[in-house]
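**Student:** Got a structure for you, written out below as structure tokens; questions coming shortly.
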Amino acid sequence: MLEKIKEDVKTVFEKDPAARNIFEVLTSYPGLHALFMHRVAHALWVRGDKNIARFFSHINRMLTGIEIHPGAKIGRRFFIDHGMGVVIGETAEIGDGVLLYQGVVLGGTSTEKKKRHPTIEDNVVIGAGAVVLGAITLGKDSKIGAGSVVIKDVPPCATVVGVPGRIVGEYKREKIDLDHAKLPDPIADALRMILEEQEKLEQRILTIESMEGLRCKIDEYFEKKKKEIAKIFPLNSETRGENEKKI
């Protein structure tokens, strides 16, 4: 037990750059307190003292703001950063080295007494406010963006964002990755592609008009709005260069 506590404290220092000393970690980290209390509640649950285990997990929730069902299975080096609002269901299974941020929900989607909560494999990072629903599996080293809603299996090393969650990339994990804010934006990529294709079509029309000696009046309001949108979703340098040259 003492070795597990030492490992848990070490994990906090590895995954939270704000951690300064052991006293601060032991006294001021609700995620760590919730984990300690869950281990006691889970031991009671496995032993058959389910009512006591549920009551102990309820005390845990009141003290830390983190709700972990005593039946949930949690591996080593698990860390909940900030913690408030985290919910982990009864049949959830969490591997080693997993990192959760505040507001994460590992919820169930069935009223039947069976496996109905997610399985989280090793070294997964789940961003703040993300919701993972059902008896699905998040593969090893995967990363879930903040605010995402995941309802399907996620393969290893994948990055998921959006509602519902979509796989937007894969990466090879080489070290602990805390930068869960820098994630791809598939909607922005789609809009950027549409803008680039529109620019190409406009240039083709201008070329045809110049060949025919035609000159149409430019809609100044539309051009103004287009520039505003382009600032939010900038075109790539190649497309922009072609457009400026033709204009």
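**Student:** Sort out which residues of segment 45-89 are small (G, A, S) and under 27 Å from K15 (Cα atoms), and write them in order of number.
**Tutor:** Within segment 45-89, S57, G65, G71, A72, G75, G83, G85, G89 meet the criteria.
**Student:** What tally of residues in segment 111-147 results from selecting those that are assigned to a loop (DSSP other than H, G, I, E, B) and either hydrophobic (A, V, I, L, M, F, W, C) or touching a Pro at 6+ places or on another chain (Cβ under 8 Å) (or both)?
**Tutor:** Selection size over segment 111-147: 12.
**Student:** Being surrounded by fewer than 10 Cβ atoms within 10 Å (Cβ to Cβ) and at pLDDT 75 or above is the requirement here; does M211 meet it?
**Tutor:** Values: surrounded by fewer than 10 Cβ atoms within 10 Å (Cβ to Cβ): yes; at pLDDT 75 or above: yes.
So M211 passes the test.
**Student:** I'd like to verify a number: residues in segment 152-172 that are surrounded by 16 or more Cβ atoms within 10 Å (Cβ to Cβ) and either modelled with pLDDT under 85 or β-branched (V, I, T) (or both), how many?
**Tutor:** 6
**Student:** Does segment 19-33 hold any residues that are within 15 Å of K6 (Cβ to Cβ) and not small (G, A, S), and which are they?
**Tutor:** If the condition is that a residue be within 15 Å of K6 (Cβ to Cβ) and not small (G, A, S), then N21, I22, F23, V25, L26, Y29, L32 are the ones that fit.
**Student:** OK, next. Here are the criteria: (1) within 18 Å of V160 (Cβ to Cβ); (2) under 17 Å from the mean Cα position of the chain (by Cα). Tell me which single one Q102 does not satisfy.
**Tutor:** (1)
The values are calculated or read from the model by the stated rules, or taken from the named source; none is laboratory data. Because the structure is a prediction, the values reported are computed rather than measured. Cβ coordinates were reconstructed from backbone atoms using ideal geometry, including for glycine residues, and neighbour counts include every protein chain displayed.
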